[in-house]
Amino acid sequence: MKVFAEPAWLYAGLVATVVTGAFLWWTERRKLRRIEGFAASKLLPSLTSNYSEKKTFLQCMLLTLVVLLLFMTIARPQWGSRQRETAPAGIDVLVAIDVSRSMLARDIRPNRIERVKLGLSNLLDKVKGDRIGLIAFAGSSFLQCPLTLDHSAVRRTLREMQVGVIKRQGTDFALPIGEAMDSFSKDDRDRFLIIISDGEDLERRGLKKAKAAAKEGVRIYTIGIGNKQGARIPLNAFDKPARDFLKDINGKPVMTKMDEANLVSIANATGGKYYSLGPTGQGLVKVVEELQAIGQQKRHILLTEELPIERFTVFLFLAIVLLLGEFFLGNRRNLHKLGSSAAFILAFIFSGCLRNENIKQAE
């Protein structure tokens, strides 16, 4: 264990001590030269009869030591250690929501995107002590809400999330996974990403990115939404019933089908799990309950860490004592009574400092 937490200040203190000592010596020599230039040599003994060179030298030494002790205080001296038990914080969960056009399909009522938003909003009240964040993705991705304990802010952001918030259409799972890896805290091992999508990864880069995320300790849970038979994509989310649907270049309606196998492979690559959302969002409930159990278990574990004991007060007290000693000492020969009183006061202060330090060590 280091004796000084910031030893760089010691080197600065040595330089400052030498400079201070040299400056004080030069100042005293300059005073004597001025006196010698002002008065005749035969008058000097009478003019300096009360001047004590020994006390002056001692004053300079005390001031020099004060500077050194102050720098030693700043260097944070440490010895001994104590143990402290802390409960770790909760987990970090990022939820990536697919906002591509296929999420307007109505194979789940009222449609895929609204079903996801409703399910998440209902579950936020049950998530306590964990940080939640939101990512929107399609042909690109964007961190809509950074990780936060303010779940009301997450709910407000969730309400504003719509198909079209990402202008570039398509679906690329590698993008939200990369966004999550950049958003998570690097010193936290419990990092989870929930991807909610129909699984149509048009770029086919998601599995490779998931394997890279697993190496950094990110666990991905995937939730599939939609059915395997396929559904048409309405052009207007508010038409009831839908009249116009997205068509391909041949004029045929585009059918969106859930690619369950792709979602399963991404989850398995990171040690996560895959669930189907279901008509009432029960798949999302299962994921949140599982993550909540992990968070609760983590918060109940007490971590013991060993902390060094700061001892800067010893050096600070010594600096104060020496500074007071320099003040009371003076440089005149006839102040014996004042010197005795000063010695008594300094001894009293110093003993009190040592007593306080002994009490701290005993604690």
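The values are calculated or read from the model by the stated rules, or taken from the named source; none is laboratory data. Only a predicted model underlies this, so the values are computations on that prediction, with no experimental measurement involved. Note: ideal-geometry Cβ built from the backbone for every residue, glycine included; neighbour counts use all protein chains shown. Just so you know, the surface numbers come from the protein's heavy atoms only, side chains and all, with ligands and any DNA or RNA stripped out. Shrake-Rupley method; radii C 1.70, N 1.55, O 1.52, S 1.80 Å.
Tabulated values for the structure
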{"quantity": "Where a residue in the range 318-341 is open to solvent by 80 Å² or more (accessible area, probe 1.4 Å) and in a helix (DSSP H, G or I) and its partner, wherever it lies, is hydrophobic (A, V, I, L, M, F, W, C) and at pLDDT 85 or above, with Cβ under 9 Å and at least six apart", "calculated": "323/62; 323/63; 323/66"}
{"quantity": "Condition check for residue 108: over 30 Å from residue 23 (Cα atoms), among the β-branched types (Val, Ile, Thr) and not in a strand (DSSP E or B)", "calculated": "yes"}
{"quantity": "Filter result for residue 206 (open to solvent by less than 70 Å² (accessible area, probe 1.4 Å), farther than 20 Å from residue 120 by Cβ and free of Cβ contacts under 8 Å to residues at least 40 places away in the same chain)", "calculated": "no"}
{"quantity": "Count of the range 133-146 residues which are under 10 Å from residue 180 (Cα atoms) and either in a loop (DSSP other than H, G, I, E, B) or aliphatic (A, V, I, L, M) (or both)", "calculated": "3"}
{"quantity": "From 309, 266, 220, residue being surrounded by 18 or more Cβ atoms within 10 Å (Cβ to Cβ) and in a strand (DSSP E or B)", "calculated": "220"}
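Results for (1) out of contact with any His (no Cβ under 9 Å at 6 or more places or on another chain); (2) open to solvent by less than 20 Å² (accessible area, probe 1.4 Å); (3) without any contact (Cβ under 8 Å) to a residue 24 or more places away in the chain; (4) aliphatic (A, V, I, L, M), shown as yes or no for each residue.
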site	(1), (2), (3), (4)
97	yes, yes, no, yes
106	yes, no, no, no
111	yes, yes, no, no
118	yes, no, no, yes
141	yes, no, no, no
145	yes, yes, yes, no
155	yes, no, no, no
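Per-residue answers, yes or no, for (1) over 29 Å from residue 295 (Cβ atoms); (2) of a type in the set (Gly, Ala, Ser); (3) at pLDDT 90 or above; (4) surrounded by fewer than 20 Cβ atoms within 10 Å (Cβ to Cβ):
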position	(1), (2), (3), (4)
136	no, yes, yes, no
199	no, yes, no, no
210	no, yes, yes, no
214	no, yes, yes, yes
228	yes, no, no, yes
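Here is a yes/no grid of residues against (1) modelled with pLDDT of 75 or more; (2) not hydrophobic (A, V, I, L, M, F, W, C):
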residue	(1), (2)
18	yes, no
31	no, yes
39	no, no
53	no, yes
70	yes, no
93	yes, no
